[in-house]
Amino acid sequence: MIGSPWLVLAAVLVYGLAHSWLASRGVKARIYNRFGARAYRIYRLLYNLFALVSFLPILFLVWRLPDRTLYAVPFPWFMLCLAGQFAAALMLLVGLLQTDIGSFLGLRQLFQDSPDEQQTLVVHGLYRYVRHPLYTAGLVFIWLTPVMTANLLAMNVGLTFYIILGAWFEERKLLAEYGAAYAEYRAATPMLLPRPRWFDMHGKKSRKA
């Protein structure tokens with residue numbers, strides 16, 4: 001039982017490293033150069049399918065390995081946790097719709113031979129408040145789990161580390177793609193946690209002073 005959470009954590013970290021490596025600009029550039037338009041059309045879709053299928057063994061480990069309950073949120077707070085998870089799932093859907101969901105899933109690329117002109121940097125909707133609302137939604141969802149076990153905790157810790165590291169790598173790609181526009185957006189918008197309104201008002205007053 002003692003070793004089970006560590007095995008889950010190790011599996012999540014291996015998953016995260018593989019996922020991040022396949023998403024890197026260098027790997028994609030090599031694949032595109034080697035296979036051309038065919039690779040561009042199917043890479044994103046295959047990448048998403050790999051991410052989904054390769055996560056299933058982690059869920060299997062969480063389910064099958066010896067485990068113990070750390071805490072269970074009692075009623076009615078249990079319902080608040082479920083409501084928060086529902087809100088996080090809705091936030092994830094809205095965030096996808098506010099960007100190009102077809103490109104995110106890899107479906108739009110199936111009908112293209114090469115990238116179109118640079119996509120517009122999305123700074124409206126949820127992206128006004130945080131730079132990575134999809135990651136924020138994911139973190140809220142996993143940490144509002146009303147029944148926490150040792151294996152689930154290990155998975156959540158690993159996923160949190162992966163999400164934060166993934167956001168950092170994504171920032172580097174976005175800076176390379178959008179340059180000064182993204183640098184200005186990043187300076188004005190938090191990464192994962194929205195600022196309280198009073199903080200922004202205080203910041204504006206300070207800058208004016």
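Taken together, the values in this text are just the output of simple stated rules run on the coordinates, not laboratory data. What you are looking at is a predicted structure, and each value in this text was computed from that prediction instead of being measured. As a convention, Cβ positions derive from the backbone with ideal geometry for all residues, glycine included, and neighbour counts pool all protein chains shown.
Quick notes on this one:
- Among V53, V8, a tally of other beta-carbon atoms within 10 Å of each Cβ gives an order, fewest to most, of V53, V8.
- Fewest-first ranking of L56, L144, using other Cβ atoms within 10 Å as the exposure measure: L56, L144
- Whole-Hz couplings from phi, Karplus 6.51/-1.76/1.60, listed for region 57-73; x for Gly and Pro: x, 5, 4, 5, 4, 4, 6, 9, 5, x, 8, 8, 7, 8, 7, 9, 5
- Radius ratio Rg over Rh of region 40-143, counting only Cα atoms, Kirkwood formula for Rh: 1.07
- Computed across the chain, the Kirkwood radius stands at 19.4 Å (inverse of mean 1/r, all Cα pairs).
- Close amide-amide hydrogen proximity is noted between T149 and L70, each under 5 Å apart and 5 or more residues distant or on a separate chain (H modeled in the peptide plane; Pro and chain starts excluded).
- Going from the fewest other Cβ atoms within 10 Å to the most, the residues D67, D100 appear in the order D100, D67.
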